[in-house]
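A.B. asks: Got a structure here, written out as structure tokens. Questions coming.
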Amino acid sequence: MKIAAIADLHTRVSDEDLIRELLDGIPNEAEVLVLAGDLTDNGLAKEAELLVKQLEKIGLPIVAVLGNHDHESNQSETICEILEQAGVHLLNANSYELEHIGFVGTKGFCGGFGSTLVQPFGEQALKTFIQTSIDEAVLLENALAKITCEKKVAVLHYAPVPETLAGEPLELYPFLGSSRLANAIDRQGVVVAFHGHAHHGSPQGITPGNVPVYNVSRFVLMQHTRQPYCLFEV
């Protein structure tokens, strides 16, 4: 199965032509479209409405997760309704199965990586922050564990590995993803993971368990491949 994956569309109300250009060609090259978060720029329902006008023209199954921008205006529930009414399979710690492939996703969250993984110790504010990171990883792993598909694909917004952040300031790494997500991916037999969020990162990395990870932010892909979406065959 050929997968087209893109993140960080950041749809604005004045961007209809841009969104159409970013998605152009996908129906001829892929069998399913993955949207890895930040579908809207300011988290507005009207931005989501503009986006689905273009998505409805794709004619392919579409799976998506929300990103941090999609939560900006406290309209995320409405955005979800708009996407789902347009036929988008929204992944929020759940799955969508297509033939022999199970797509599982969640937004993910911050927290850092490896030996610098931030721990829930000290002030309650920090504990709450890191508990969100832990909860997102648990949701991802539980959803992955529930499906029995031959192959599993993980869809995130935040990064599960630091390699796909290379190019971003090191100081930002703890706010761009968490290795807790990679741990969940490795324990559940995922064959590939997609994420966005890091606009100045790098296109490819790998988890400690050797699962390939792709940063499909359109900004990264345009810089490295001059194509706004990634094509991957499972």
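Values in this text are rule-based calculations from the coordinates and carry no lab data. This one's a predicted model, so the numbers in the text were calculated from it and none came from an experiment. Cβ coordinates were reconstructed from backbone atoms using ideal geometry, including for glycine residues, and neighbour counts include every protein chain displayed.
A.B. asks: Based on alpha-carbon positions alone, could you give the equivalent ellipsoid semi-axes of the stretch 157-218 from the gyration tensor, as √(5λ), descending, whole Å?
C.D. replies: They are 18, 12, 9 Å, listed from largest to smallest.
A.B. asks: A further question on this structure: Suppose we keep just the alpha-carbon trace of the chain; what are its Rg and Dmax in angstrom?
C.D. replies: Gyration radius and largest Cα-Cα distance of the chain: 16.4, 53 Å.
A.B. asks: Okay, moving on. Among the GluC sites (Glu not before Pro) in the stretch 117-201, which ones are in a DSSP loop with at most 14 other Cβ atoms within 10 Å of the Cβ? Mind listing them?
C.D. replies: Taking the stretch 117-201 and a limit of 14 other Cβ atoms within 10 Å, the loop GluC sites (Glu not before Pro) found are Glu123, Glu150.
A.B. asks: Among Arg12, Arg180, Arg218, determine the one that fluctuates most according to a GNM of the chain built with springs between C-alpha atoms less than 10 Å apart.
C.D. replies: Arg12
A.B. asks: Within the stretch 96-199, report the chymotrypsin sites (Phe, Trp or Tyr not before Pro) that DSSP leaves as loop and that have at most 16 other Cβ atoms within 10 Å.
C.D. replies: Of the chymotrypsin sites (Phe, Trp or Tyr not before Pro), the ones in loops of the stretch 96-199 whose Cβ has at most 16 other Cβ atoms within 10 Å are Phe121.
A.B. asks: Between Leu23, Leu156, Leu39, which gets the highest mean-square fluctuation from a Gaussian network model of the chain, Cα cutoff 10 Å?
C.D. replies: The residue that fluctuates most here is Leu23.
A.B. asks: How long are the three semi-axes of the equivalent ellipsoid of the stretch 62-125, in whole Å, if each is the root of 5 times an eigenvalue of the C-alpha gyration tensor, listed from largest down?
C.D. replies: In descending order, the three semi-axes are 29, 18, 8 Å.
A.B. asks: Over 5 Å intervals from 0, what percent of Cα-Cα pairs in the stretch 186-234 sits in each interval?
C.D. replies: With 5 Å bins starting at 0, P(r) equals 5, 23, 29, 22, 14, 6, 1.
A.B. asks: Then there's this: Quick check on the chain: helices-only [θ] at 222 nm, where DSSP H runs of length 4 and up contribute -39,500 (n - 2.57) each and the sum goes over total residues. Nearest 500, please.
C.D. replies: Rounded to the nearest 500, it is -9000 deg cm²/dmol.
A.B. asks: What aspartates and glutamates sit close enough to Lys2 to cross-link, taking a C-alpha to C-alpha distance under 18 Å and skipping anything fewer than 8 places away on the same chain?
C.D. replies: Asp24, Glu29, Glu31, Glu97, Glu99, Glu150, Glu233
A.B. asks: Given points 7 Å out from each Cα along the Cα-Cβ axis, report the Thr78 to Ala45 separation in nanometres with one decimal.
C.D. replies: So the two model labels end up 0.4 nm from each other.
A.B. asks: Which value, in debye to the nearest 20, describes the size of the charge dipole of the chain about its Cα centre when Lys and Arg Cβ atoms bear +1, Asp and Glu Cβ atoms bear -1, and nothing else is charged?
C.D. replies: The calculation lands at about 500 debye.
A.B. asks: Right, something else. Please work out the Cα center distance from the stretch 159-195 to the stretch 201-234, rounded to the nearest Å.
C.D. replies: 12
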